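> Pasting a structure below so you can have a look.
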Amino acid sequence: MKISFLIPCYNETDNVVPMSEAIISQMNEHLSAYDYEILFIDNCSTDGTREKLEALCAGNGKIKAIFNARNFGQFNSPFYGLLQTSGDCTVSMCCDFQDPPEMIPALVAEWEKGHKIVCAVKAKSEENGFVRFLRTLYYKAVRKFSDVEQIEHFTGTGLYDKSFIDVLRTLDDPAPFMRGLVAELGYKRVEVPYVQQKRRAGKTHNNFRTLYDAAMLSFTQYTKFPVRFMMGFGVTLGVLSVLGGIVCLVLGCLGRNVLGPALFCGMGFFSSLSFVFMSLLGEYLLNVRTKVNRRPLVVEEKRINFDN
């Protein structure tokens, strides 16, 4: 039987070689009964990472590489890489050593017990405490409002049986969100806690834009709360405006000067219509988001050692 390792990378010139060595060490020491392959999918690195990968592939036929033609984002590239693996199971890990290779035997042990999906969940993290606090709030918000049970502090790192990889191959999703797909489509899973380490070398590629993209993708893919909240807010504002208009009408009949309040109620009523119409458009967008034009997840520039 064979275990595949998927390692997405982008500008990880100082990490790709140590990561491959760490995985091979874990296989030799703890999982020598298994064959293996290590697949690096490079998202158009510019720092010499590709040269390091070419050297690794030349020295070990079990190490494979896919070079993307450009950077296709933090979600498409890893998802596409999963679909290219050929093992009986696939372990997906980051290249920066924040996901420690030492947990590989624990993931495989749960797979050997029959679990098709083994999620590596961050029990603790050496990242900034305030950042972790914000992440916790985000996970809890998505989990509360999502139609699908979400997994807190799960980034996609874990082990996936070939049968689940085959399910992923049937999808036609131009914007796959792996964390949500595991919760939505996956088999009964088991969670393995781990302590997220600090990045071994290099700089993190996450910034406000990438974190915002991840947050909005999960919210729009798996929650309807924002659209439904706007709808409820618009209807409530409309009802209050109508009631206020009735009060103004009664007071006007009694000889009171209610021009200002009446204008305010009128503005509130038409504003409520805007919220309602926007929400209706949002509902349609929720239904057509999966029916847009299909484009490839990535475009390959080169692949190495896939003929072995």
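No value in this document is a laboratory result; all are computed from the given coordinates. Computed from a predicted model, the values in this text were never measured in an experiment. Cβ: placed from backbone, ideal geometry, glycine included. Neighbour counts: every protein chain shown.
> According to a simple spin-label model (label point 7 Å from Cα along Cα-to-Cβ), what is the distance in nm between Leu243 and Val195?
The answer from the label model is 5.6 nm.
> Starting at the first residue of the stretch 25-31, write each ³J(HN,Hα) from the Karplus equation 6.51 cos²θ - 1.76 cosθ + 1.60 with θ = phi - 60°, in whole Hz, x for Gly and Pro.
Couplings: 4, 5, 5, 5, 7, 10, 9 Hz.
> Once the Cβ-Cβ distance between Lys113 and Thr236 is put in as r, and R0 is 51 Å, what FRET efficiency do you end up with, to the nearest 0.05?
Efficiency at R0 = 51 Å is approximately 0.50.
> Now for a different question. Using a Cα-Cα cut-off of under 20 Å, which aspartates and glutamates could be cross-linked to Lys124, ignoring same-chain neighbours fewer than 8 residues away?
Partners found: Asp96, Asp99, Glu102, Glu152, Glu191.
> Another question, if that's okay. Note down the net charge around Glu301, summing +1 for each Lys or Arg and -1 for each Asp or Glu among other residues with Cβ under 13 Å from its Cβ.
That sum, taken over residues with Cβ under 13 Å, equals +1.
> For Ala123 paired with Met1, estimate the spin-label separation in nm (one decimal), with each label point 7 Å from Cα along the Cα-to-Cβ line.
In this crude spin-label approximation the distance works out to 2.5 nm.
> Report the label-to-label distance for Leu185 and Arg169 in nanometres (one decimal), using points 7 Å from each Cα along the Cα→Cβ vector.
So the two model labels end up 1.3 nm from each other.
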